Amino acid sequence: MAERALPPPVPEQASAALAAPRQLRAPPHQTYVVKVQKDQIYRVPPPENAYLAERYRAERAGGGKSGGGSSCSTTLLLTLGLAAAAVLLLGASVWLSVVVMRPAPPSFSVNRLSARNASAQRHAEVDYDFFLTAINPNKVTALWYKDGGTARLLHQGTALAKAADVGTPEDGGVDAKDFNVLLHGGGHATPKAVEKALRGSKKEAVALELAVEFPVQVHVGALAFAAKRLAVACEIRTAGLGKHVHISSQKCRSSFGK
């Protein structure tokens, strides 16, 4: 039987080293580097974003009210409103000046004429009774006739009769249509042509001039405006002068004075 060789004996120090665990020493002052990724900028924001951000901050600060844009809109609306008001005032003033302050005068005509006391010995005391009709051409304004009118009757420049107070028209004075003007003769010599006509002669036409002035006031509804003086001048030719006078021709003109 073969003999087995034994291993050589291990020294005590070596065996102790093998028996004790190995201790690892950390290298002194070791440094660790940590890499952190920076924010990445993908694009540059447009300049409008700064305006939008400022507007948003202004709205937040003003309780939700818009900023510069709203201010511009308000100013524009205010300007337009003032311009519209100015145009309306200008139109109203033009309308008031043309339609109300400068109405067209009414047209007059003589319907009837009669001579009272034509058979009197003194023809200078004859009274002349005229019946006039007026038409107001104004559709917006009404003419109110007042007391205090005057009238004169002439024959070729010679005064025949006059009336110191024409009086209120028969239909109340508001846009009156019918007027009765009574003129009283006296204090003037009667022309021969008028004397013949008063005696009943109808051979020659008698020329008469009637001049009447009325105080009137322009009204639009219940609103009273300017007071004016209305002057009416009628040129009349008659065949005789008596109780019933035939008017062969007439021409009346009217105009407003101050």
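Each value in this text was obtained by applying a stated rule to the coordinates, not by laboratory testing. Keep in mind the model is a prediction, meaning the values are calculated, not measured. Glycine also receives a Cβ, built like all others from the backbone with ideal geometry; neighbour counts cover every protein chain displayed.
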Please give, to one decimal in nm, the separation of the simple spin-label points placed at Ser114 and Ile135, each 7 Å out from Cα toward the Cβ.
2.6 nm
Subtracting the Cα-Cα distance of His244 and Arg57 from 0.36 nm times their residue separation yields 57.7 nm
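Once the piece of chain linking Val94 and Ala231 is laid out straight, how much longer is it, given 0.36 nm per residue of separation minus the C-alpha distance between them?
Details: separation 137, 0.36 × 137 = 49.32 nm, distance 2.55 nm.
Stretched out fully, the Val94 to Ala231 stretch lengthens by 46.8 nm.
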Determine the relative contact order of the range 179-258: mean sequence separation of Cα pairs under 8 Å and six or more apart, normalised by residue count, in whole percent.
28 percent
